[in-house]
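Reviewing the structure listed below.
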Amino acid sequence: MSPRTPLRRALAAAAATVPVLLVVLGTAGSATAADGAIVNVERTGSGLVVSVDVPADADVDLDGVSASVNGTSYDATAARIADGTSRVQRTTVLAIDTSNSMAGPRFEAAKLAATTFLDNVPADVAVGIVSFASEVRTDLEPTTDRDAARAVVAGLELSRQTLLYDGVLRAVELTGTEGQRAVLVLSDGADTGTTPLTDVTAAVEGSDGVVVDVVALEQSGGALDALTTIAGQAGEVIASDSEALAATFSAEADVLARQVAVTVDVPADVVARQIDVAVTLPAPLGDVVARSTVPRVAGQASGGLEAIPETAAPSAAAGTPEWFMYVGVAVLGAGLLAALVLLVPRKPVAMSAEERVSTYTASTFGGTAPVKDVPETAIRDQASDAIAGMLDRNKSLDDRISQRLEAAGSELKPSEWLLVHAGLFLAISVVGLLLGRGNVVAGLIFMVLGVVGPWAYLGFRGTRRRKAFNAALPETLQLMSGSLSAGLSLMQSVDTIVREGTDPIASAFRRVLVETRIGVPLEDALDGVADRFDSRDFRWVVMAIKIQRQVGGNLAELLNTVASTMREREYMRRQVAALAAEGKLSAYVLGGLPPAFLLYLLVGQGDYVQVLFTDPRGIIMLVGAGLWLSVGVFWMSKLVKVEV
């Protein structure tokens, strides 16, 4: 629980030492001083342990303590927490700004203030230290070893940047989950990191009672407003200068020294519900009264201490819920996927006899041919026509895309392929945003995959189709030789391959038949097949056919000889591939594992590797690692690649 901040009470207590104020307090001796504060409530097996902040001017009578829960009085005992007789666990983490803006007297004053706090804080309080500049460092885990803490403070060094928000997050995490926990932040500048302020406020509100007090060293404007937001309602922001730092930190330590632990014997069934706790401590100038509301919890501790979870109201700074962003991106992705499905060309549907007659009569005698009502076709055609116009102005790009599509055996036109490529790029980018949770680096990597992936897929399909063509070529030549030996002509043997062969051989020779029927010489049509598949073996076949047609000879026997040579070369090629398989697999694993693991870390633990992309040293490491990895992959590929 953290209803109030210790810093405000500390400064009020320091002001109370002024003589004029003492006179005023002396004249008001009969008043009731309702200025106590309950800073933590813990359930135990026998009731409640309530931590109370006592004003500096109040000399309370611990033996006269009284307590009530929901208006019912219960037996209570009180003791100073600093005396070590209570079981209250107290943890305070100092988050100190070590950016270059603290250089000079500011940094020396900050070290002196931290040392003063360590000298005055009660011995039972575990103190941890976090420093933040270009990086956030946990310099000291919470401990009661004051000498170790003083050594850490003395060894603090300055650096550039101010990762204020990340430092507060680390400090809140370092306080743990049990007992009375507080964070004391000292900063003189605005945050320069990428962590949003909403993440910090959400962490503070969800920390089950951690009080964050901030000492703003000579700050104003937006930086001070951000610190106020971090402290929230439970914490406090104190504007201070270098000369007043030591007094401010000393007052914070004095607040911890004055705290009182009140043990209240309350039945277990009452403790488990939401309760209103009131503690009264008698004092000469008036009773010190502290009140707080403790929320209900699901269970009750059977022994030991159990921290009370604090229910915080929704923060206006939290903004849009995180799930809403993911739902929005998912809806966008679904819309893009639907658009992609609509844009992908469908296979042409054969027209019925009635439709063919209607189309023929419309084109011959005039009239309107029947058009099927397909709205998405019109949209797709408009987009495809726009891209086709762009390709008409860039013939080299059109030719390269056409060659890739032909090699892969795709029936898409270049304009249709670019349309599909654009849709895939958008879809992959959306997936990257979802998996990377808004991480910029992960988003860029997926965008690169969206650009390169479809082209790599075309290359993969082309390579696989070319290998299938070369593997089936000996049997195809054997079939052609048998047809020629049976008395068929060369064109008839090609038709036999179309009817009895397998793809991609059959489809390639079908195109040869079509080209020869429209006037293309047979040799040129066969050369086109060799060019589309980039097959040196088939170029030899075409060369042999050209020589035979010019000088004569037994073409069937020639094709048999060529087929036999190809079989021997294919056997040798497969044997070499089997022997080199282990080396290739090693090259794939060693070359692909580092970037794949980096991508996994970016998606799963983005904060862990973010420094590689934000720190110059990390960027140098990435460039060096990429360079040496490229060299290694290059030489491994050369070692396992054997030409047959």
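The values are calculated or read from the model by the stated rules, or taken from the named source; none is laboratory data. Quick caveat, the model's predicted, so the values are computed rather than measured. Note: ideal-geometry Cβ built from the backbone for every residue, glycine included; neighbour counts use all protein chains shown.
Below, the figures for the structure above:
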read-out	value
Strands (runs of 3 or more DSSP E) completely within region 59-176 that count 2 or more residues being closer than 25 Å to THR228 by Cα, among the small types (Gly, Ala, Ser) and not assigned by TED's automatic domain parsing to the domain that holds ILE38	126-132
Residue within region 448-459 that is out of contact with any Cys (no Cβ under 8 Å at 6 or more places or on another chain), of a type in the set (Val, Ile, Thr), buried (at least 18 other Cβ atoms within 10 Å of the Cβ) and modelled with pLDDT of 75 or more present	no
Which listed residue, of THR463, THR516, is surrounded by fewer than 15 Cβ atoms within 10 Å (Cβ to Cβ), in a helix (DSSP H, G or I) and hydroxyl-bearing (Ser, Thr, Tyr)	THR463
Close pairs from region 149-160: first in contact (Cβ under 8 Å) with a residue 60 or more places away in the chain, partner assigned to a helix (DSSP H, G or I), Cβ under 8 Å, at least 6 apart	LEU156/PHE107; LEU156/LYS111; LEU158/ASN100; LEU158/MET102; LEU158/PHE107; SER159/ASN100; ARG160/ASN100
2 or more residues polar (S, T, N, Q): qualifying helices (runs of 4 or more DSSP H) within region 212-283	222-231, 245-258
Condition check for ARG574: modelled with pLDDT under 85, in a helix (DSSP H, G or I) and more than 19 Å from the chain's Cα centre (by Cα)	yes
Considering residues of region 603-636 that are among the hydroxyl-bearing types (Ser, Thr, Tyr) and under 18 Å from the mean Cα position of the chain (by Cα) only, the residue surrounded by the fewest Cβ atoms within 10 Å (Cβ to Cβ)	TYR608
ASP208 being surrounded by fewer than 24 Cβ atoms within 10 Å (Cβ to Cβ) and in contact with a Leu (Cβ under 7 Å, 6 or more places away or on another chain)	no
Unique residue being among the aliphatic types (A, V, I, L, M) and within 19 Å of THR144 (Cβ to Cβ) when the list is LEU62, LEU94	LEU94
